[in-house]
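See structure below.
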Amino acid sequence: MTDALLDDAPLYGLPQADKDARLLAGLNALTAHHRRACPPYRRLTDVLGGGDAPAARVAAVPWLPVGLFKSHRLVSVPDERITTTLTSSGTTGQLPSRIFLDADTARRQSRALARIMTHVLGPKRLPMIVVDTKGLLKDRTAFSARGAGVLGMMTFGAQPFFALDDDMTLDRAGLEAFLARHGGAPFLVFGFTYMVWAYFYEQVKDAGLDLRHGVLIHSGGWKKLVERAVDNPVFKSRLAAATGLTRVYNFYGMVEQVGSVFLEGDDGLLYPPAFADVIVRDPMTFAEVPVGTPGVIETVSLLPTSYPGHALLTEDLGVIEHVDRDTCGRLGKAFRVLGRVPRAELRGCSDTHAAEARP
């Protein structure tokens, strides 16, 4: 079921009822697998609810608060099969989440990310600007969320140019050389949202550089930008005015479900792919709320088999705007992220860097 939804199902073309039926079978199978293979998960689901009984609907699949990956070692494969340990972003002194991948889960997540990104980038690898530093990728066995994000996106790029020096200064000469070689045809730009704004846009906005053929993929927390009165429309309009860059796609995702990326459509809303979905819950009762009602975002995914991350309650607030309306060639749920749950720790990839870097 997982492979069918990953490889064969239309990425954004399943009506919600059809998608729910397909997801439910796979999610129930994952719950049973993780209860067998991960004793701490079995104990948690016994306490939190669910147990051995299959869920009757997707919203009834037992979920874990995402913060449990900071306090518990949750893994469903033997230690010798673990190939990569991912750590979430967190400000200084905070415990990071630890996510354990085996080769099968990592390969499945890579295939999923490829389907999503080729939807907007096309099948060819594009010359790539990485709005980050080379030093981020030093240890390939234990990645931060930023490092994992950059490495994952480099799969879709060729001849990567890292635009920032170690002190976050833009390599202006290197960028001009990249554009001289590749700027006349499509190229990929990737970075985390705050870093794209603070360390890229702010240093190129008056430079007269032509990035009109670029495709920018970006993600990460918006907290620092909201404090500067920069929301998504402002972010896009300023970049377009300064550089000509108009193909800009935000996405929502987290290290605890790498590969299950919710990519922005042309209408500015976020859409789950065929193998993942979102549920919005009341922050007091945790009951599923109706379309149009804000609440806490839960994400579900068919990808994680090496750790029990298939149903996670996040620390983000969001709202499902509509379902199956097909406003931009996509069916299913269309949603927005509204911000962090009050008092939730600051953990977005780019916000974390902002908290540690210069103002």
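Tell me the Rg and the Dmax, in Å, that the Cα atoms of the range 218-316 produce.
15.4, 46
Ranked from highest to lowest mean number of other Cβ atoms within 10 Å per residue, what is the order of the peptides 255-264, 124-133? Before the final figure, lay out each step's value.
Numbers: 255-264: 24.9, 124-133: 20.5.
Sorting 255-264, 124-133 by mean packing, highest first, produces 255-264, 124-133.
Not counting ligands, DNA or RNA, and with a 1.4 Å probe, what is Arg228's accessible surface area in Å² rounded to the nearest 10?
Surface open to solvent at Arg228 totals about 110 Å².
Could you check the simple spin-label distance between Glu80 and Asp18, using points 7 Å along Cα→Cβ, in nm with one decimal?
My value for the distance between the label points is 4.5 nm.
If R0 is 41 Å, what FRET efficiency do you get for His33 and Arg336 from their C-beta distance, rounded to 0.05?
0.80
Provide the FRET efficiency to the nearest 0.05 for the Asp324-Thr293 pair, computing r from the beta carbons and using R0 = 25 Å.
The calculated FRET efficiency here is 0.90.
Compute the FRET efficiency between Arg73 and Leu151 as 1/(1 + (r/R0)^6), taking r as their Cβ-Cβ distance and R0 = 30 Å, and round to the nearest 0.05.
Details: r = 23 Å, r/R0 = 0.78.
It comes to 0.80.
For Lys333, Lys205, Lys223, give me the order by solvent-accessible area with a 1.4 Å probe, most accessible first, ignoring ligands, DNA and RNA. Walk me through the numbers on the way to the answer.
Details: Lys333 20, Lys205 75, Lys223 100 Å².
Accessible-area ranking of Lys333, Lys205, Lys223, largest first: Lys223, Lys205, Lys333.
Points 7 angstrom from Cα along the Cβ direction at Val234 and Thr285: gap in nanometres?
3.7
For Cys38, Cys328, what's the largest-to-smallest order of accessible area, 1.4 Å probe?
Cys328, Cys38
Could you tell me the relative contact order of the range 116-256? Use alpha-carbon pairs under 8 Å, at least six residues apart, and round to a whole percent.
Result for the range 116-256 is 24 percent.
Over the chain, average the accessible area per residue using a 1.4 Å probe and give it in Å², no decimals.
41
At a threshold of 8 angstrom on Cα-Cα distance, excluding pairs fewer than six apart, so keeping six or more, what relative contact order does the chain reach in percent?
21
If you roll a 1.4 Å probe over the chain with all protein chains in place, what percent of the accessible area is carbon or sulfur?
Values: 7980 of 14800 Å².
Roughly 54 percent of what the probe reaches on the chain is carbon or sulfur.
The values are calculated or read from the model by the stated rules, or taken from the named source; none is laboratory data. Quantities reported herein were computed from a predicted structural model and do not represent experimental measurements. All Cβ positions, glycine included, derive from the backbone under ideal geometry; neighbour counts span all protein chains shown. Each accessible area value is taken on the protein alone, full model and side chains, heavy atoms only, with ligands, DNA and RNA left out. Shrake-Rupley method; radii C 1.70, N 1.55, O 1.52, S 1.80 Å.
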